[in-house]
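Asks: Sending over a structure as structure tokens; questions will come in a sec.
The values are calculated or read from the model by the stated rules, or taken from the named source; none is laboratory data. If you're wondering where the values come from, they're calculated on a predicted model, not measured in any experiment. Every residue, glycine among them, receives a Cβ derived from its backbone with ideal geometry; neighbour counts consider all protein chains shown.
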Amino acid sequence: MFLAWKEIKFSKTRFALIIGIVLLVSYLVSFLTGLAYGLSQEYRMAIDKWDADSIVLTSESNQNLNMSMIDPSEQSNISADETARIGVASNIVRPEGSEDSDVNIDVSLFGIDPTEFLTPNIIEGELFSAENEVVADITLKEEEGIEIGDVLQLSGQDRTVEVSGFTDNARYSVAPVLYADIQTYQQIRFDSDESIEDFPVNAIVVRDSQSLDSLNIGNDELEAYPINDFISSLPGYNAQVLTFGLMIGFLVVIAALVVGIFIYVLTLQKTSMLGVMKAQGISTSYIAKSVLAQTFLLAVIGVMAGFGLTILTGAFLPAAVPYQNNYLFLVATSAALIIFALLGAIFSVRTVAKIDPLEAIE
Amino acid sequence: MKSIELKQVSKRFKDGSKTIEALKSTDFSVDPGEFVAVIGPSGSGKSTFLTIIGGLQQPSEGNVFINDNKFSELKEKKRAQRRFKDIGFILQASNLVPFLTVQEQLKLVNKVEKSKIDKKRIQDLLQELDIYDLADKYPGELSGGERQRAAIARALYHDPAVILADEPTASLDTSRAIEVVKILARETKDKNKATIMVTHDERLTKYCDSVYVMEDGILEKQSMNDKVGSI
């Protein structure tokens, strides 16, 4: 550490450059991690909010919520601690009276029973209490300026809904969620003014302390899926997570290469000095440790600075950017960057081991 | 006790099909407090001789003893440890670490050994060599003579039995060179070191106790009328 730190202090510009590069890569990696996490949350947030263990869908639905149609009466056949029916419909709404198509908003409509556990928490206003009232995700207010009492015109139908309150963290498949009761959902989904008990819902969400295997559904055409499997199969979710994961992985490897090459070049430049040190009897392991310590210092300083910059950036981003800090992921990618940088420095350790002190003397 | 002793040490190199005898079978020894000069033309085997004593290469035949311990047969790692403990190297120019100040060069020894820094000793040594004012300067800020004095301080700091100086005055003008060699002679006597200095400058040998001439791998003692106490 002594040599490592003294050298950094002595050649400030040179090491500032390396730290700068580590900082930029770490900033990019952390920022991408935040974006990846934020975007994945846009897909699944509303589902995480359910705090459910599994979801019952039809076997033929291929875990696609929209394609699953279940008779609501099936609910009573499921042997779980708690169950809740849900119907889901994608829709487009715009503030009533507005003809401008620019203000069209993509939404997901969740039809739920307010006596069951899918009922959203209310952060503003109150829960829907009548037909055609909805609770909306707060981003509808933050990004689109919708207020309580506003009436939304449904696209392609002659129907309107009125916003009675707001909830938070309710986004599903990158769209804000509108919660309504099941009757309202059925009328909108099937474009019918009748309220018929047999109109199907999409799924029955299950909270159960037992394992999935012991869950009795009582119908061969239905199947229970763990909630995480269901999230992974959301259209586009996995592709998106994998794409970001690959990018982040490559960046970590590139950072390791860049740091490794820098340290390697610096070590090559110092060959004769290191040879003299070895001639004086300073052990290879001491010099090697010093190279690793130096890499560690550079990586830690760079990564920490990048980390700080990321959090600062995150605080100033507009709400429309799907950015979200996940400290666990941030710490994990930062640790990976530091570990890979150290791996990159191992090339230099080999070079140090190979230096022949005799050549430095003669 | 001899500080340095060579018994029938020789070194051969293979150069293609030919074998070059860089050092012919040599017996040689240095006592504590003795300052020995080895002179000779370049390529005569002076450096080979010095690096074998320093354990940087092994002799083809024979043995090197440092403080009566067989040194040349140890494994490289052990030899490095002994080198660190028992031998102080002073090289032509570049044996100071460029990014350490003069006093940090000495502190490095403690850092490697994981021992406590002896501030008093650093101060005394630097004062003795008249470079105490330069304690916080980097090698790049020193003159050639000052650098060599710092190198001598570095070599003496861990109190080795043996000092090996390879052309320590090569980059200095005559007056500076004489000054450095005088310091070496003084420290050898004061601290009872066994010092070998390889040089091509015969004017410097008058400060030494004995002078050897190396030519074509053969080491021969030069007769000295005005010196006593050599073997």
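Okay, residues lined up against (1) at the interface with chain A (Cβ under 9 Å from one of its Cβ atoms); (2) in a helix (DSSP H, G or I):
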position	(1), (2)
B:64	no, no
B:74	no, no
B:79	yes, yes
B:82	yes, yes
B:89	yes, no
B:96	yes, no
B:100	yes, no
B:107	yes, yes
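Asks: What are the residues in the stretch A:126-149 that are at pLDDT 90 or above, under 25 Å from residue A:322 (Cα atoms) and of a type in the set (D, E, K, R), if any?
Replies: Residues satisfying the conditions are A:137, A:141, A:147.
Asks: Quick one: which residue in B:169, B:174 is more than 12 Å from every other protein chain (Cβ to nearest Cβ) and either in contact with a Phe, Trp or Tyr (Cβ under 7 Å, 6 or more places away or on another chain) or within 27 Å of residue B:29 (Cβ to Cβ) (or both)?
Replies: B:169
Asks: Please go through the stretch A:175-206 and give me each residue that is in contact (Cβ under 8 Å) with a residue 24 or more places away in the chain, surrounded by fewer than 16 Cβ atoms within 10 Å (Cβ to Cβ) and over 23 Å from residue A:78 (Cβ atoms), ordered by number.
Replies: Correct list: A:191 only.
Asks: Look through the stretch A:58-78, keep the residues that are under 25 Å from the mean Cα position of the chain (by Cα) and either among the β-branched types (Val, Ile, Thr) or in a helix (DSSP H, G or I) (or both), and return whichever of them is surrounded by the fewest Cβ atoms within 10 Å (Cβ to Cβ).
Replies: A:66
Asks: Of the residues in the stretch A:214-256, how many are over 27 Å from the mean Cα position of the chain (by Cα) and surrounded by 14 or more Cβ atoms within 10 Å (Cβ to Cβ)?
Replies: Summing the residues that are over 27 Å from the mean Cα position of the chain (by Cα) and surrounded by 14 or more Cβ atoms within 10 Å (Cβ to Cβ) in the stretch A:214-256 gives 5.
Asks: Now, a different point. Considering only residues that are under 20 Å from the mean Cα position of the chain (by Cα) and in a strand (DSSP E or B), look in the stretch B:11-34 and name the one that is surrounded by the fewest Cβ atoms within 10 Å (Cβ to Cβ).
Replies: Per the stated criteria, the residue is B:27.
Asks: Now, a different point. For the stretch B:56-80, give me the residue count where each residue is in contact with a Gly (Cβ under 9 Å, 6 or more places away or on another chain) and modelled with pLDDT under 90.
Replies: Our first condition is that a residue be in contact with a Gly (Cβ under 9 Å, 6 or more places away or on another chain); within the stretch B:56-80, this holds for B:64, B:66, B:71-72, B:74, B:76, B:79-80.
From what's left, modelled with pLDDT under 90: B:71-72, B:74, B:76, B:79-80.
The qualifying residues number 6.
Asks: Please indicate, with yes or no, whether at least one residue in the stretch A:276-285 is modelled with pLDDT of 90 or more, within 19 Å of residue A:12 (Cα to Cα), out of contact with any Cys (no Cβ under 9 Å at 6 or more places or on another chain) and not aliphatic (A, V, I, L, M).
Replies: Scanning the stretch A:276-285, I find no residue that is modelled with pLDDT of 90 or more, within 19 Å of residue A:12 (Cα to Cα), out of contact with any Cys (no Cβ under 9 Å at 6 or more places or on another chain) and not aliphatic (A, V, I, L, M), so the answer is no.
Asks: Scanning the stretch B:132-180 for residues that are without any contact (Cβ under 8 Å) to a residue 40 or more places away in the chain and within 22 Å of residue A:7 (Cβ to Cβ), which turns out surrounded by the fewest Cβ atoms within 10 Å (Cβ to Cβ)?
Replies: Residues of the stretch B:132-180 that are without any contact (Cβ under 8 Å) to a residue 40 or more places away in the chain, as a first pass: B:132-137, B:141, B:143, B:145-146, B:149, B:159, B:169, B:172-180.
Imposing the further condition that a residue be within 22 Å of residue A:7 (Cβ to Cβ) reduces the set to B:134-137, B:141, B:146.
Details: B:134: 21, B:135: 18, B:136: 10, B:137: 15, B:141: 12, B:146: 19.
Going through the qualifying residues, I end up with B:136.
Asks: Being within 24 Å of residue A:187 (Cα to Cα), more than 23 Å from the chain's Cα centre (by Cα) and of a type in the set (A, V, I, L, M, F, W, C) narrows it down to one residue among A:105, A:148; which is it?
Replies: Testing whether each residue is within 24 Å of residue A:187 (Cα to Cα), more than 23 Å from the chain's Cα centre (by Cα) and of a type in the set (A, V, I, L, M, F, W, C) leaves just A:148.
Asks: Residues in the stretch B:109-152 that are more than 14 Å from chain A (Cβ to nearest Cβ), within 23 Å of residue A:359 (Cα to Cα) and modelled with pLDDT of 90 or more: how many?
Replies: Number satisfying all stated conditions: 0.
Asks: Only one residue in A:321, A:259 is farther than 30 Å from residue A:176 by Cα and either under 21 Å from the mean Cα position of the chain (by Cα) or part of a helix (DSSP H, G or I) (or both). Which one?
Replies: Working: A:321 fails: farther than 30 Å from residue A:176 by Cα.
None of the other options fit; the residue is A:259.
Asks: Run residue A:192 past the list (1) touching a Pro at 6+ places or on another chain (Cβ under 8 Å); (2) of a type outside the set (Phe, Trp, Tyr); (3) not in a helix (DSSP H, G or I) and report the number of the one that doesn't hold.
Replies: Only one criterion is unmet by residue A:192, namely (1).
Asks: Let me ask you something else. Sort out which residues of the stretch A:291-322 are closer than 16 Å to residue A:28 by Cβ, of a type outside the set (A, V, I, L, M) and buried (at least 19 other Cβ atoms within 10 Å of the Cβ), and write them in order of number.
Replies: A:302, A:306, A:307, A:310
Asks: Exactly one condition in (1) part of a loop (DSSP other than H, G, I, E, B); (2) at negative phi is not met by residue A:218; state its number.
Replies: (2)
Asks: So for the stretch A:102-111 (the condition being modelled with pLDDT under 85, touching a strand residue (DSSP E or B) at 6+ places or on another chain (Cβ under 8 Å) and within 20 Å of residue A:142 (Cα to Cα)), does at least one residue qualify?
Replies: Yes: one or more hits.
Asks: A further question on this structure: Of A:55, A:47, A:8, which residue is within 14 Å of chain B (Cβ to nearest Cβ), surrounded by 19 or more Cβ atoms within 10 Å (Cβ to Cβ) and not acidic (Asp, Glu)?
Replies: Numbers: A:55 fails: within 14 Å of chain B (Cβ to nearest Cβ); A:47 fails: within 14 Å of chain B (Cβ to nearest Cβ).
Every option except A:8 fails the conditions.
Asks: What tally of residues in the stretch B:50-74 results from selecting those that are of a type in the set (Val, Ile, Thr), under 20 Å from residue A:284 (Cα atoms) and in contact with a strand residue (DSSP E or B) (Cβ under 7 Å, 6 or more places away or on another chain)?
Replies: Residues in the stretch B:50-74 being of a type in the set (Val, Ile, Thr), under 20 Å from residue A:284 (Cα atoms) and in contact with a strand residue (DSSP E or B) (Cβ under 7 Å, 6 or more places away or on another chain): 1 in total.
Asks: Using beta carbons and a limit of 7 Å, which pairs, at least six apart or on different chains, have the first residue in the stretch B:42-62 and away from chain A (no Cβ under 12 Å) and the second one in a loop (DSSP other than H, G, I, E, B) and modelled with pLDDT under 90?
Replies: B:44/B:216; B:59/B:72
Asks: Further, regarding this structure: Would you mind finding the one in A:287, A:282 that is within 14 Å of chain B (Cβ to nearest Cβ) and part of a loop (DSSP other than H, G, I, E, B)?
Replies: Numbers: A:287 fails: part of a loop (DSSP other than H, G, I, E, B).
From the options A:287, A:282, the qualifying one is A:282.
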